[in-house]
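Below you'll find the structure, written out as structure tokens, and then a few comments.
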Amino acid sequence: MWRVLRRPEVLATTLAGAGILMVTMGARQSLGLFVAPIDTTTGLGLVTISLALAIGQFTWGAIQPIAGAVADRYGPRAVLIGGILVMALGSAITPFMGSGFGLIVSLGLVSAIGSGASSFSVLMGAAAARLPAQARGAASGVINAGGSFGQFVFAPILQQLIARLGWIGAMWAMAVMTLAALPLVGRLTTPIATPVVHTHGDQGLRHAIATAMKDRSYLLLHAGFFTCGFHIAFLVTHLPGEVTLCGLPAAVASWSLAIIGLANIFGSLYAGYCVSHYRSKYVLAAMYGSRVLLIAWYLLMPRTEWTFYAFAAGLGFTWLATVPPTAAIVGKLFGIRYLATLFGLTLLSHQIGGFFGAWLGGLTMIRFGDYGWMWYADMALAALAAILNLPIREAPVVQVR
């Protein structure tokens, strides 16, 4: 796997993409740590805060194909810079929002738009356009691992900042940390000497979207990715609440999120390897199936801190490791000319699932006093996603020696 990344220009592009995703995803995936402090300070209630974050999940996905289309048409540089600045702005203005509507504006719209514009679809598209075909699978795994490493780093740091500075100070600190991604944009978007040759005919963006939306395999991919979004948004938003419900300290939640990020570093790298050696649809089916077993195991175990840590490690291995095989299938089906846009549309499906995962989690907690029904729904959807990926049309992997 690593042999294809040894060329300096390939390695520089890959690490730049990983670094940007480390910052944007690390900050975004740690927002669940702010739910309880915001609720305590403002008295807005879990359902209101969950709704703001749920809208953020949907907005993050909705901006992906738009940002991807702009990047495909005009280049990724301005999109990435704008996204990082807007994301920092969203975090900076959140402490001034004392109402549910204000949180929807800051976290549900502004921050989510910025994070989405500087995330997977644009980054994967920018990297793919600058890398040889044999390096794309491995590179996507490394870039994805960057986002997981960000979660590993950001979660415990932000938990400490919340404890020492309060959630307002921690939110402002997160805005400053977000700006650290700006210097990496130039490295990722530097023009390449040898342009990538597009093997699929270019008949325009509209034709590419219309063709994709008629493709049964592409729609099945969307359905599976919807489940992935439901699963991740539910956990990243409500895992701290689940920990509190079990009578455990808040540090267990932050370390669980960090362990998820750490485990997904290895999961993402392994996913990049698998994309280069196996059909991606089988990789996805195995990942979704493993989540069913892990949730069942968690529900049968006593709720101790070590149960949470083991559960986090298991789930973390596939957490966002679904991204490389999903992007690989899109590239195989339609080429890379409009990869940022078409993969962005799959991310929209992912985040529609994310909206329901975050929002319904809050409603379930208020209605039943625990998250039991959400765990059962998560298991059922994960099983369905594993089955839906199997009929996807995908050519065998050609090994490069």
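The values are calculated or read from the model by the stated rules, or taken from the named source; none is laboratory data. Quick caveat, the model's predicted, so the values are computed rather than measured. Here the Cβ is made from the backbone with ideal geometry for all residues, glycine too, and neighbour counts use every protein chain on show. To get the accessible areas, we keep the full protein, side chains included, count just its heavy atoms, and leave off ligands, DNA and RNA. Shrake-Rupley method; radii C 1.70, N 1.55, O 1.52, S 1.80 Å.
Of the conditions (1) in contact (Cβ under 8 Å) with a residue 24 or more places away in the chain; (2) over 16 Å from residue 326 (Cα atoms); (3) open to solvent by less than 60 Å² (accessible area, probe 1.4 Å), residue 210 fails just one. Which one is it?
(1)
If only one of 395, 382, 313, 358 is outside any helix (DSSP H, G or I) and either touching a residue at least 40 places away in the same chain (Cβ under 8 Å) or farther than 30 Å from residue 48 by Cα (or both), which one is it?
395
Within the range 7-50, take every residue that is under 14 Å from residue 171 (Cα atoms) and assigned to a loop (DSSP other than H, G, I, E, B) and give me the one that is modelled with the highest pLDDT.
Taking the candidates together, the pick is 30.
If you go through the range 46-62 one residue at a time, do you hit one that is open to solvent by less than 10 Å² (accessible area, probe 1.4 Å), of a type outside the set (S, T, N, Q) and either without any contact (Cβ under 8 Å) to a residue 24 or more places away in the chain or more than 22 Å from residue 360 (Cβ to Cβ) (or both)?
No, every residue in the range 46-62 fails to be open to solvent by less than 10 Å² (accessible area, probe 1.4 Å), of a type outside the set (S, T, N, Q) and either without any contact (Cβ under 8 Å) to a residue 24 or more places away in the chain or more than 22 Å from residue 360 (Cβ to Cβ) (or both).
If we scan the range 353-360, do we find a residue that is among the aliphatic types (A, V, I, L, M), more than 18 Å from residue 222 (Cβ to Cβ) and at pLDDT below 95?
yes
Do we find that residue 211 is modelled with pLDDT under 90, β-branched (Val, Ile, Thr) and part of a helix (DSSP H, G or I) in this structure?
Against the criterion (modelled with pLDDT under 90, β-branched (Val, Ile, Thr) and part of a helix (DSSP H, G or I)), residue 211 qualifies.
Assuming residue 302 fulfils every condition listed in (1) open to solvent by 10 Å² or more (accessible area, probe 1.4 Å); (2) part of a helix (DSSP H, G or I) apart from one, which condition is it?
For residue 302, the failing item is (2).
Please go through the range 269-294 and give me each residue that is polar (S, T, N, Q) and open to solvent by less than 10 Å² (accessible area, probe 1.4 Å), ordered by number.
Result: 280, single match.
Mind checking which residues of the range 91-101 are in contact (Cβ under 8 Å) with a residue 40 or more places away in the chain and part of a helix (DSSP H, G or I)?
If the condition is that a residue be in contact (Cβ under 8 Å) with a residue 40 or more places away in the chain and part of a helix (DSSP H, G or I), then 91, 92, 94, 95, 100 are the ones that fit.
Within the range 29-42, does at least one residue satisfy the condition of being among the small types (Gly, Ala, Ser) and open to solvent by less than 20 Å² (accessible area, probe 1.4 Å)?
yes
Could we say that residue 348 is open to solvent by 10 Å² or more (accessible area, probe 1.4 Å) and in contact with a Gly (Cβ under 7 Å, 6 or more places away or on another chain) here?
yes
Would you be able to tell me the number of residues in the range 232-259 that are on the phi > 0 side of the Ramachandran plot and open to solvent by less than 10 Å² (accessible area, probe 1.4 Å)?
Summing the residues that are on the phi > 0 side of the Ramachandran plot and open to solvent by less than 10 Å² (accessible area, probe 1.4 Å) in the range 232-259 gives 0.
Residues checked against (1) of a type in the set (Lys, Arg); (2) at pLDDT 85 or above; (3) closer than 23 Å to residue 212 by Cα:
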{"residue": "247", "(1), (2), (3)": "no, yes, no"}
{"residue": "257", "(1), (2), (3)": "no, no, no"}
{"residue": "269", "(1), (2), (3)": "no, no, no"}
{"residue": "286", "(1), (2), (3)": "no, yes, no"}
{"residue": "290", "(1), (2), (3)": "no, yes, no"}
{"residue": "306", "(1), (2), (3)": "no, yes, no"}
{"residue": "317", "(1), (2), (3)": "no, yes, no"}
{"residue": "335", "(1), (2), (3)": "no, no, yes"}
{"residue": "340", "(1), (2), (3)": "no, no, yes"}
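Hey, any hits in the range 114-133 for a residue that's in contact with a helix residue (DSSP H, G or I) (Cβ under 7 Å, 6 or more places away or on another chain), open to solvent by 20 Å² or more (accessible area, probe 1.4 Å), modelled with pLDDT of 85 or more and assigned to a helix (DSSP H, G or I)?
No.
Within the range 361-371, can you find the residues that are open to solvent by 20 Å² or more (accessible area, probe 1.4 Å) and either farther than 14 Å from residue 50 by Cβ or of a type in the set (Gly, Ala, Ser) (or both)?
368, 369, 370
Just one of the numbered conditions (1) touching a His at 6+ places or on another chain (Cβ under 7 Å); (2) open to solvent by less than 50 Å² (accessible area, probe 1.4 Å); (3) modelled with pLDDT of 90 or more; (4) not aliphatic (A, V, I, L, M) is not true of residue 229; which one?
Failed condition: (3).
Only residues that are polar (S, T, N, Q) and open to solvent by less than 20 Å² (accessible area, probe 1.4 Å): list them for the range 134-158, please.
Listed by number, the residues that qualify are 140, 144, 148, 151.
Quick check on the range 2-28: of everything there that is hydroxyl-bearing (Ser, Thr, Tyr) and under 18 Å from the mean Cα position of the chain (by Cα), which residue is surrounded by the most Cβ atoms within 10 Å (Cβ to Cβ)?
Among residues in the range 2-28 that are hydroxyl-bearing (Ser, Thr, Tyr) and under 18 Å from the mean Cα position of the chain (by Cα), the one surrounded by the most Cβ atoms within 10 Å (Cβ to Cβ) is 24.
Which of the residues spanning the range 294-348 are over 13 Å from the mean Cα position of the chain (by Cα), within 30 Å of residue 73 (Cα to Cα) and hydroxyl-bearing (Ser, Thr, Tyr)?
338, 341 - these are the residues of the range 294-348 that are over 13 Å from the mean Cα position of the chain (by Cα), within 30 Å of residue 73 (Cα to Cα) and hydroxyl-bearing (Ser, Thr, Tyr).
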